[in-house]
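Right, one structure below, let's go through it.
The values are calculated or read from the model by the stated rules, or taken from the named source; none is laboratory data. Owing to the predicted nature of the structure, the values given are computational and were not obtained by experimental measurement. Methodologically, a virtual Cβ is constructed for each residue, glycine included, from the backbone with ideal geometry; neighbour enumeration extends over all protein chains shown.
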Amino acid sequence: MKFGIVILPGSNCDHDAFHVAKTVLGADAELLWHKDTDLKGADCVIIPGGFAYGDYLRAGALAKFAPIMEPIKRHAAAGGLVFGICNGFQVLTEVGLLPGALMRNEHLRFLSRDVYLRTEETDTPFTSELEVGQVLRTPIAHGEGNYFADDATLDELERNRQVIFRYCDENGRVLAAANPNGSARNIAGICNAGRNVLGMMPHPERCSESILGNADGLAIFKSIAAAMARA
């Protein structure tokens, strides 16, 4: 059971994810440089938050050309786990591992605060330790978190149960007022059709220890560890 955490130029949450995997979970973990061409035995690859390549052109646009992305795409195609957080979610849409795009927040402001997420599906390696409808309090920190896809794509995501998290209020109600960035259908996280690739805008690695005042995010990492242990 091994995590590989990608470091892209401009990543700033890589060591947070590494700390949760290595210290909090006690799993084997290794940092992967953007110029690496193999994943060094990682079972789950995490693409962390930050501003990869300065988010030039648009968030995640240049990261798709990093050498590490080719083995990540092969890993995903073979059923390996890939988890993109915030900027990592943006990167996954740019490389084509997830559909849709992340646009500027509806109100054109960078947001940094806690939000609530409702767990929509639990039959993924990332949510198997959660319950359907379970509400998580997680921080966001993004300026381009507004998830967009055309209606046909959104309908397909709904049919295939690929919407994994939605923004909600503390009672789990999916309301427009609970949507921090204008994301279509309050979408906060989606998976691919194979259910082995997850992208989400909120930061579970920033709320995975009780010393931080909130450990809701740890359930996602525990789910990944449990899935890898079963494999």
Mind checking which residues of the range 134-160 are without any contact (Cβ under 8 Å) to a residue 60 or more places away in the chain, among the hydrophobic types (A, V, I, L, M, F, W, C) and closer than 18 Å to residue 58 by Cβ?
148, 149
Determine which single condition residue 10 fails, assuming it passes every other condition in (1) under 26 Å from residue 143 (Cβ atoms); (2) modelled with pLDDT of 95 or more; (3) of a type outside the set (S, T, N, Q); (4) crowded, with 21+ Cβ neighbours inside 10 Å.
(4)
Please work out which one of (1) in a loop (DSSP other than H, G, I, E, B); (2) of a type outside the set (A, V, I, L, M, F, W, C); (3) crowded, with 16+ Cβ neighbours inside 10 Å is the condition residue 35 fails and give its number.
(3)
Evaluate the following for residue 193: is it crowded, with 16+ Cβ neighbours inside 10 Å and either farther than 25 Å from residue 54 by Cα or in contact with a strand residue (DSSP E or B) (Cβ under 7 Å, 6 or more places away or on another chain) (or both)?
no
Criterion: buried (at least 23 other Cβ atoms within 10 Å of the Cβ) and part of a loop (DSSP other than H, G, I, E, B) - qualifying residue of 60, 41:
60
Being acidic (Asp, Glu) and at pLDDT below 95 narrows it down to one residue among 55, 36; which is it?
55
Looking at (1) at pLDDT 95 or above; (2) surrounded by fewer than 24 Cβ atoms within 10 Å (Cβ to Cβ), which is the one condition that is false for residue 1?
(1)
Which one is farthest from residue 224 (Cα to Cα), of the residues in the range 83-97 that are among the hydrophobic types (A, V, I, L, M, F, W, C) and more than 11 Å from the chain's Cα centre (by Cα)?
95
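Collect the residues in the range 153-170 that are under 21 Å from residue 112 (Cα atoms) and either surrounded by fewer than 20 Cβ atoms within 10 Å (Cβ to Cβ) or within 16 Å of the chain's Cα centre (by Cα) (or both), keeping them in residue-number order. Give the derivation first.
To start, the set of residues in the range 153-170 that are under 21 Å from residue 112 (Cα atoms) comprises 165-170.
Result: 165, 166, 167, 169, 170.
So, in the range 76-92, of the ones that are of a type in the set (A, V, I, L, M) and either under 13 Å from residue 203 (Cα atoms) or touching a strand residue (DSSP E or B) at 6+ places or on another chain (Cβ under 6 Å) (or both), which residue ends up surrounded by the fewest Cβ atoms within 10 Å (Cβ to Cβ)?
Filtering the range 76-92 down to residues of a type in the set (A, V, I, L, M) leaves 76-78, 81-82, 85, 91-92.
Next cut, either under 13 Å from residue 203 (Cα atoms) or touching a strand residue (DSSP E or B) at 6+ places or on another chain (Cβ under 6 Å) (or both) only: 76, 81-82, 85, 91-92.
Numbers: 76: 20, 81: 24, 82: 27, 85: 29, 91: 32, 92: 30.
Once the filter is applied, the top-ranked residue is 76.
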Filtered residues of the range 17-30 (kept if crowded, with 17+ Cβ neighbours inside 10 Å and either among the aliphatic types (A, V, I, L, M) or under 18 Å from residue 90 (Cα atoms) (or both)):
17, 20, 21, 25, 27, 29
What number of residues in the range 203-217 are outside any loop (DSSP other than H, G, I, E, B) and crowded, with 20+ Cβ neighbours inside 10 Å?
3
Please go through (1) in a loop (DSSP other than H, G, I, E, B); (2) in contact (Cβ under 8 Å) with a residue 60 or more places away in the chain; (3) under 18 Å from the mean Cα position of the chain (by Cα) for residue 106 and return the number of the only condition it doesn't satisfy.
(3)
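Residue 126 - would you say it is closer than 27 Å to residue 19 by Cα, in a loop (DSSP other than H, G, I, E, B) and at pLDDT 95 or above? Break it down into steps so the answer makes sense when it comes.
Values: closer than 27 Å to residue 19 by Cα: yes; in a loop (DSSP other than H, G, I, E, B): yes; at pLDDT 95 or above: yes.
Yes; evaluated as a whole, the condition is true for this residue.
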If you take the residues in the range 26-42 that are more than 18 Å from the chain's Cα centre (by Cα) and hydrophobic (A, V, I, L, M, F, W, C), which one is farthest from residue 7 (Cα to Cα)?
27
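Is it the case that residue 156 is under 20 Å from residue 94 (Cβ atoms), touching a Lys or Arg at 6+ places or on another chain (Cβ under 6 Å) and either at pLDDT 95 or above or not in a helix (DSSP H, G or I) (or both)?
Numbers: under 20 Å from residue 94 (Cβ atoms): yes; touching a Lys or Arg at 6+ places or on another chain (Cβ under 6 Å): no; either at pLDDT 95 or above or not in a helix (DSSP H, G or I) (or both): yes.
No.
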